[in-house]
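What follows is calculated from the coordinates using simple rules that are stated; it is not laboratory data. Source: prediction; values computed, not measured. For neighbour counting, all protein chains shown are included, and Cβ atoms are generated from backbone atoms with ideal geometry for every residue, glycine included.
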There are 2 protein chains.
Amino acid sequence: MTDTRPAPDADAGQALDPQQLGAYFVLMEAVSLLQHQVEQQLRTEGDISYVQFQLLARLAHAPGHLTMTQLADGVVYSRSGLTYQAGLLEKAGLITRGPSPDDERATLVAITGNGRALLDSVLPGHIQVTRSLLFDPLTGDDLHHLGDIMTRVRDHMRTQPPRSAAPRKRRPSSTQA
Amino acid sequence: MTDTRPAPDADAGQALDPQQLGAYFVLMEAVSLLQHQVEQQLRTEGDISYVQFQLLARLAHAPGHLTMTQLADGVVYSRSGLTYQAGLLEKAGLITRGPSPDDERATLVAITGNGRALLDSVLPGHIQVTRSLLFDPLTGDDLHHLGDIMTRVRDHMRTQPPRSAAPRKRRPSSTQA
DNA sequence: TCACAGTGCTTTGAATTCGAACATATACGG
DNA sequence: CCGTATATGTTCGAATTCAAAGCACTGTGA
């Protein structure tokens, strides 16, 4: 990688290079296409949405229980939307919700055995779809670079804005961890 | 609590590398974050949604008129959803809809002067947001690679079945119910 | 202890989205 | 020229999403 990083900016605030705009638009378009296809597969094979899949996956990889806010934040989701989805998942027996022993207002969420089973049942198909659509036309080098790039972008954005509970406080400082 | 793990081996040995899964997840997460922020800016400065911005941008760059299907397909959108949005945009005086001289069932869409004006008014802010969130942490090399990678992915997916009019022609006969 | 601000989650209401069904228009085969 | 199948766009109903308002709990200072 030649360090072509331009000094901050020549003219911050004005037109972008065609290269920049093109990269941005094609990024959004490709992800949109991919997400639609993935949603199809998940709905067909497991009767769940992509959001529900993300929630289950996150819970499956979590050490123990998670609070609603932690879960919403991890999935890039509004808290009210999460309440709705958690209601559906609980009714379907895929997760459990219960009070926290430490904090009476918090709700702790965990995945159930059925939830894990469903996740395991859709995962192979999910992997197959992403493989054939995303990984197929890419080399290992591409993938490494893609992961590296998007990780930097993600980390950069995570430092900037508040997420799920936006206009409630000026700065979410130490949100604990 | 109790681990009722149903043997993780499941059926197949086509698990993805952690690198692949990581690249995939971080890609979706970063784009999701970016889209949320972009939507905020567009709503604040121009009172339009990201979808509406995409529609206007596409129409602005189109040579002449576009049909509804062409527009929906370009933006990765369902046709019924496009009908709804086109109604809003037309009512706001940002686009026009009219019949096609060649094909009586087609509807031709074009952007108006007001539409172009609105687009021009939100574009600087839009560019500024994407610059500060997406381009800032990337080098020119990164950007080139990103555009190249996503273009290949997009083209690969575009060769597969289309989006907006999926299950409409495929089974040529019998049981339609 | 009480008042008050801050945090966690849910409820509510409006907007948006999609798929299926519908109404027309076009293309094709007999 | 009919009859069937295909293409375009819209309407309809259901599901999902978000922001704002509301309720419940926590922690701090007086």
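Some observations on this one:
- Top positive-direction residue, dipole computed over the stretch A:35-158 with Cβ charges, set A:Leu119, A:Leu55, A:Leu134: A:Leu55
- Neighbour-count order for B:Asp136, A:Asp73, fewest beta carbons within 10 angstrom listed first: B:Asp136, A:Asp73
- Other-copy label distances relative to B:Gly64, 7 angstrom Cα-Cβ extension, nm: 6.9
- Label point 7 Å beyond Cα along the C-beta direction, distances from A:His144 to other copies (nm, shortest first): 1.9
- Pseudo-label separations to other copies for A:Pro101 - Cα-to-Cβ vector, 7 Å, nm: 7.9
- Cα centre as origin, Lys/Arg/Asp/Glu Cβ charges: the stretch A:35-158 dipole, Debye: 260 debye
- The distance separating the Cα centre of the stretch A:121-160 from that of the stretch B:84-101 comes to 37 Å.
- Prolate/oblate/rounded call for the stretch B:38-158, Cα gyration tensor, a/c under 1.5 rounded: oblate
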